[in-house]
Amino acid sequence: MSPSVPARPANSAAPSSSSTAVDTTTVRLENVTKSYGSGDTTVHALAGVNLTVEAGSYSAIMGASGSGKSTAMNVIGCLDRPTSGRYYLDGQDVATLDDDALARIRNRNLGFVFQQFHLLPQLTAVENVILPMLYAGLEKQERRDRAVEALTKVGLADRLNNKPNQLSGGQQQRVAIARAIVNRPVLLLADEPTGALDSQTTKEVLNIFDDLHRSGMTIVVVTHEDDVGARAEQIIWFRDGKVIEG
Ligand SMILES: Nc1ncnc2c1ncn2[C@@H]1O[C@H](COP(=O)(O)OP(=O)(O)OP(=O)(O)O)[C@@H](O)[C@H]1O
Ligand SMILES: [Mg+2]
């Protein structure tokens, strides 16, 4: 056997940035536009957005009111389709999928946290967290186990059977976070998650996001609040429907 560097096997590609490389990008928006209305009254809510979110990263989207943050979030969250441009979620081209396919992706691949929690009032904490797993078709015992695990992770192991009106705002938001992560999404999206919380509770929720980030979760949060944005690794600034470069 020769001591020289072995030749690369015929079927292995040279290291390069070509498509053979493992793609670690969770979100890739390419020249995405979103327009509302037509003719003279057309609003260009997104006017050619390029952005990437790497797997495992923690990003904040910030910018003035009307700059397109929620519109971008709705596209990233597969709640809405771009008017034009490309969107790859975890490597899959999702810009032109139909409603059923988008709903499946939202359930399986994405977790959502909103300003107003959006818990079902007649269900307990654990039942609220079980809900997305019903749609995902998991077995009963596994649903229960995973719901308890997720609620434990957000510090609510002792509140499993409380209904939303028996929980504080911060606790309700933590139930919502447990619900968002229970299907093990590739991306956690939060639109003003602390907008309805006081400063102490805001810190608690941000600490949970930090924990999730440390355990590998990819997070994108839309916020007006500097102290929320400061927790993220990168801030993506929007202005007039575009991402401000550099
Ligand atoms: N459904 C809609 N129909 C028409 N125009 C819309 C619609 N949704 C958003 N817009 C417009 O698109 C632009 C961007 O709105 P968007 O809600 O994305 O802003 P935002 O950055 O989230 O603002 P805020 O900080 O106030 O939440 C605004 O000019 C808004 O009026
Ligand atoms: Mg908004």
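The values are calculated or read from the model by the stated rules, or taken from the named source; none is laboratory data. These numbers come from a predicted model, not from an experiment. Ideal geometry is used to build each Cβ from the backbone, glycine not excepted, and the neighbour counts take in all protein chains shown.
Of the residues in region 55-75, how many are in a helix (DSSP H, G or I) and either within 7 Å of ligand 1 (Cβ to nearest atom) or closer than 14 Å to residue 235 by Cβ (or both)? Walk me through how you get there before you give the answer.
Just the residues of region 55-75 that are in a helix (DSSP H, G or I), to begin with: 69-75.
Now narrow it down to the ones that are either within 7 Å of ligand 1 (Cβ to nearest atom) or closer than 14 Å to residue 235 by Cβ (or both): 69-72.
Summing the residues that are in a helix (DSSP H, G or I) and either within 7 Å of ligand 1 (Cβ to nearest atom) or closer than 14 Å to residue 235 by Cβ (or both) in region 55-75 gives 4.
Would you mind finding the one in 79, 29, 51 that is closer than 23 Å to residue 101 by Cβ, away from ligand 1 (no atom under 11 Å from the Cβ) and at pLDDT below 95?
Numbers: 29 fails: at pLDDT below 95; 51 fails: at pLDDT below 95.
Only one candidate passes the filter, namely 79.
Within region 140-176, restricting attention to residues that are under 22 Å from residue 59 (Cβ atoms) and touching a helix residue (DSSP H, G or I) at 6+ places or on another chain (Cβ under 6 Å), which residue is farthest from ligand 1 (Cβ to nearest atom)? If you could, list the steps in order and put the result at the bottom.
Here is the first cut: in region 140-176, the ones under 22 Å from residue 59 (Cβ atoms) are 153-154, 173-174, 176.
Of the ones still in play, those that are also touching a helix residue (DSSP H, G or I) at 6+ places or on another chain (Cβ under 6 Å) are 154, 173.
Details: 154: 26, 173: 18 Å.
Result: 154.
I'd like the residue in region 231-242 that is within 16 Å of ligand 2 (Cβ to nearest atom) and in a loop (DSSP other than H, G, I, E, B) and, out of all such residues, is surrounded by the most Cβ atoms within 10 Å (Cβ to Cβ).
The qualifying residue surrounded by the most Cβ atoms within 10 Å (Cβ to Cβ) is 241.
Suppose we filter 106, 86 for residues that are in contact with a Phe, Trp or Tyr (Cβ under 9 Å, 6 or more places away or on another chain) and either more than 16 Å from ligand 1 (Cβ to nearest atom) or not in a strand (DSSP E or B) (or both); which single one remains? Break it down into steps so the answer makes sense when it comes.
Values: 86 fails: in contact with a Phe, Trp or Tyr (Cβ under 9 Å, 6 or more places away or on another chain).
The unique qualifying residue is 106.
Would you mind finding the one in 214, 179 that is buried (at least 17 other Cβ atoms within 10 Å of the Cβ) and of a type in the set (Lys, Arg)? Working first, answer last.
On the way: 214 fails: buried (at least 17 other Cβ atoms within 10 Å of the Cβ).
Among 214, 179, only 179 is buried (at least 17 other Cβ atoms within 10 Å of the Cβ) and of a type in the set (Lys, Arg).
Can you name the number of the only condition in (1) in contact with a Pro (Cβ under 7 Å, 6 or more places away or on another chain); (2) within 14 Å of ligand 2 (Cβ to nearest atom) that residue 121 fails?
Just one mismatch for residue 121, condition (2).
Report yes if residue 81 is in a loop (DSSP other than H, G, I, E, B), out of contact with any strand residue (DSSP E or B) (no Cβ under 7 Å at 6 or more places or on another chain) and of a type in the set (Lys, Arg), otherwise no. Show your work before the answer.
Details: in a loop (DSSP other than H, G, I, E, B): yes; out of contact with any strand residue (DSSP E or B) (no Cβ under 7 Å at 6 or more places or on another chain): yes; of a type in the set (Lys, Arg): yes.
Yes, satisfied.
Can you give me the number of residues within region 187-246 that are under 18 Å from the mean Cα position of the chain (by Cα), closer than 23 Å to residue 117 by Cβ and basic (Lys, Arg)?
Total satisfying the criteria: 1.
Among the candidates 205, 228, single out the residue that is part of a helix (DSSP H, G or I), at negative phi and within 16 Å of ligand 2 (Cβ to nearest atom).
Details: 205 fails: within 16 Å of ligand 2 (Cβ to nearest atom).
Sole residue among the options that is part of a helix (DSSP H, G or I), at negative phi and within 16 Å of ligand 2 (Cβ to nearest atom): 228.
For the structure I just gave you, tell me whether residue 37 is surrounded by fewer than 19 Cβ atoms within 10 Å (Cβ to Cβ), at pLDDT below 95, within 16 Å of ligand 1 (Cβ to nearest atom) and not hydrophobic (A, V, I, L, M, F, W, C). Full working, then the answer.
Working: surrounded by fewer than 19 Cβ atoms within 10 Å (Cβ to Cβ): yes; at pLDDT below 95: yes; within 16 Å of ligand 1 (Cβ to nearest atom): yes; not hydrophobic (A, V, I, L, M, F, W, C): yes.
So residue 37 passes the test.
Go through region 22-50 and give me each residue that's away from ligand 2 (no atom under 16 Å from the Cβ), over 12 Å from residue 84 (Cα atoms) and among the hydrophobic types (A, V, I, L, M, F, W, C).
Answer for region 22-50, where residues must be away from ligand 2 (no atom under 16 Å from the Cβ), over 12 Å from residue 84 (Cα atoms) and among the hydrophobic types (A, V, I, L, M, F, W, C): 22, 27.
For region 183-204, indicate whether the set of residues that are modelled with pLDDT of 95 or more, small (Gly, Ala, Ser) and more than 16 Å from ligand 1 (Cβ to nearest atom) is non-empty.
Looking for residues that are modelled with pLDDT of 95 or more, small (Gly, Ala, Ser) and more than 16 Å from ligand 1 (Cβ to nearest atom), one finds none in region 183-204, hence no.
Counting only residues that are in a loop (DSSP other than H, G, I, E, B) and among the acidic types (Asp, Glu), which one in region 182-202 is nearest to ligand 2 (Cβ to nearest atom)?
Start the filter on region 182-202 by keeping residues that are in a loop (DSSP other than H, G, I, E, B), which leaves 182-186, 192-198.
Filter once more, keeping what is among the acidic types (Asp, Glu): 192, 198.
Values: 192: 7, 198: 21 Å.
Across region 182-202, the extreme among qualifying residues is 192.
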